[in-house]
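The values are calculated or read from the model by the stated rules, or taken from the named source; none is laboratory data. The structure presented is a predicted model; accordingly, all values stated were derived computationally and were not measured. Every residue, glycine as well, gets a Cβ built from its backbone with ideal geometry; the counts of neighbours run over all protein chains shown. When the accessible area is computed, the model is the full protein with side chains, heavy atoms only, and any ligands, DNA or RNA have been set aside. Shrake-Rupley method; radii C 1.70, N 1.55, O 1.52, S 1.80 Å.
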Amino acid sequence: MATATLVRRMGTAIKQAAKKGPSGGGWYDPHMAAASRAIAERIPLVDLILEVRDARIPLSSEYEQLRDYTSSSRKIVVMNKMDLANRSQIKEWMGYFGQQNCICYAVNSHNKQNIKEFLNFLQARVRELKKTNPYSYTTTIMLVGIPNVGKSALANALHQIGRISAAEKGKLKHAIVSPHPGETKDISSFKIGSHPNIYVLDTPSVLPPEILDDEVCSKLALTGSIRDCLVGEREIAQYFLAILNLSDEYKKWEKLTVSKDDRTFLDPKAESLSSPQLGKKQKRQYPTDHTQDFIVHDVRRTLFESISTFHGNMEDEKDLSRLIETQFTSLLEAFRIPTEVGEEAQNKVAAKLLDLYRTGRLGHYTLDAIPRHTQWPF
């Protein structure tokens, strides 16, 4: 595998941090341990469990604490951030989970219509539960998941849409939403429905104390479930470029921009995620990404040209590494970063590149492959 050395380096760095514990940068601190115990205590008490996963990594973002949970009728796997994943593969993953007798639903917590449909789906599940226990007047749904899969954003969206649908009055509550992993510190309750009353519990994110698989470590780092500082933004950005270079995603940018009088503008026939309308949506959804559209266009064009004119062997680690170094240099100009900044310039390229990937402005990627001959524990 062309990315083997890069994946091994990232995995080693993350595993070493985990072994050192919180003092050495590890994530499993006393707070996360306490949260894990609190969630375990509540699992038998709630009516439904929504295991929120990242649609880009439907297996790698598994919530390990539920691995041995046997009540499939009371657990729903929610593939959040579906807007950032490969659209065709989302359907394949839905089919795969269905074959495993696992209830699954794909959502984009920033899409109101999608959330309305998901809320209707949940209410239908609640009605099914009421048939077995008609004397229960309140239904409790618990959201669980690893860091940065969007649990709090989903809780906020369900609360807002649910309150509007039920014509509830009063002040809306808001769970803390952040691009940084592990911001939710306590279990919070949000009302999402009336008649019957339905409450959703937003819980702190929990990762296992250690992660043994290098590829899983790398994917969690790229999607932001593990803090960037454990690996380094430059290393993570190199991993993203390797994935991009080995995919066909860049081909969508062939006709995205055309040059005229040294100015860049959109080709109206090309698919774009940054039309004025969608650009506004991106800014509302992802306030941490303030990259202007014309810079995004230049970044895409730079990446397309570097890949399409590359004559080396992408499957060879040395050739792929050489291409990535060339791309980092070319992206200095695309991002308008002065070259005299030196080493810091490379770090700025990495940080900006990761922001664009994580906000879906450099394509849609599903990083996990569907297992073909093995069973995965749900």
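Would you confirm whether any residue within the range 27-34 is among the aromatic types (Phe, Trp, Tyr), at pLDDT below 95 and crowded, with 22+ Cβ neighbours inside 10 Å? Looking for residues that are among the aromatic types (Phe, Trp, Tyr), at pLDDT below 95 and crowded, with 22+ Cβ neighbours inside 10 Å, one finds at least one in the range 27-34, hence yes. Out of the residues in the range 9-25 that are among the charged types (D, E, K, R) and surrounded by 15 or more Cβ atoms within 10 Å (Cβ to Cβ), state the one that is nearest to ILE211 (Cα to Cα). Across the range 9-25, the extreme among qualifying residues is LYS15. Scanning the range 338-358 for residues that are modelled with pLDDT of 95 or more and open to solvent by less than 40 Å² (accessible area, probe 1.4 Å) gives VAL349, ALA350, ALA351, LEU353, LEU354, LEU356, TYR357. Checked against the criterion of being of a type in the set (D, E, K, R), open to solvent by 20 Å² or more (accessible area, probe 1.4 Å) and modelled with pLDDT under 60, the range 131-143 contains not a single residue that satisfies it.
Being of a type outside the set (D, E, K, R), open to solvent by less than 70 Å² (accessible area, probe 1.4 Å) and either within 25 Å of ILE243 (Cα to Cα) or at pLDDT below 95 (or both) is a description that applies to ASN80. Given the criteria β-branched (Val, Ile, Thr), assigned to a helix (DSSP H, G or I) and open to solvent by 10 Å² or more (accessible area, probe 1.4 Å), does ILE90 qualify? Taking the combined requirement at face value, the residue satisfies it. Is it the case, given these coordinates, that VAL46 is part of a strand (DSSP E or B) and either surrounded by 15 or more Cβ atoms within 10 Å (Cβ to Cβ) or among the acidic types (Asp, Glu) (or both)? No; evaluated as a whole, the condition is false for this residue.
Among the residues of this structure, ALA124 counts as one that is among the hydrophobic types (A, V, I, L, M, F, W, C), free of Cβ contacts under 8 Å to residues at least 12 places away in the same chain and out of contact with any helix residue (DSSP H, G or I) (no Cβ under 7 Å at 6 or more places or on another chain).
Once the range 186-224 is narrowed to residues that are among the acidic types (Asp, Glu) and under 21 Å from PRO30 (Cα atoms), the residue that is modelled with the lowest pLDDT is ASP186. The set of residues from the range 97-116 being open to solvent by 10 Å² or more (accessible area, probe 1.4 Å), of a type outside the set (S, T, N, Q) and either over 17 Å from ALA155 (Cβ atoms) or in contact with a strand residue (DSSP E or B) (Cβ under 8 Å, 6 or more places away or on another chain) (or both) comprises GLY98, CYS102, ILE103, CYS104, TYR105, ALA106.
A single entry from ALA345, ALA350 fulfils the requirement of being touching a Lys or Arg at 6+ places or on another chain (Cβ under 7 Å) and in a helix (DSSP H, G or I): ALA350.
Considering only residues in the range 53-74 that are open to solvent by 50 Å² or more (accessible area, probe 1.4 Å) and polar (S, T, N, Q), the one that is nearest to LEU362 (Cα to Cα) turns out to be GLN65. Confirm whether ARG300 is modelled with pLDDT of 95 or more, open to solvent by 10 Å² or more (accessible area, probe 1.4 Å) and either β-branched (Val, Ile, Thr) or in a helix (DSSP H, G or I) (or both). So ARG300 does not fit the description; no. Within the range 51-76, track down each residue that is assigned to a loop (DSSP other than H, G, I, E, B) and either of a type in the set (Lys, Arg) or closer than 20 Å to TRP93 by Cβ (or both). Within the range 51-76, ALA55, ARG56, ILE57, PRO58, LEU59, SER60, SER61, GLU62, TYR63, ARG67, TYR69 meet the criteria.
For the range 152-173, the criterion of being of a type in the set (D, E, K, R), touching a His at 6+ places or on another chain (Cβ under 9 Å) and at pLDDT below 95 is satisfied by at least one residue. From the list ARG227, ARG234, the one residue that fits, being surrounded by fewer than 20 Cβ atoms within 10 Å (Cβ to Cβ), at pLDDT 95 or above, out of contact with any Gly (no Cβ under 7 Å at 6 or more places or on another chain) and closer than 30 Å to GLY21 by Cα, is ARG234.
Does ARG37 qualify as being assigned to a helix (DSSP H, G or I), in contact with an Asp or Glu (Cβ under 6 Å, 6 or more places away or on another chain) and surrounded by fewer than 19 Cβ atoms within 10 Å (Cβ to Cβ)? The answer is no for ARG37.
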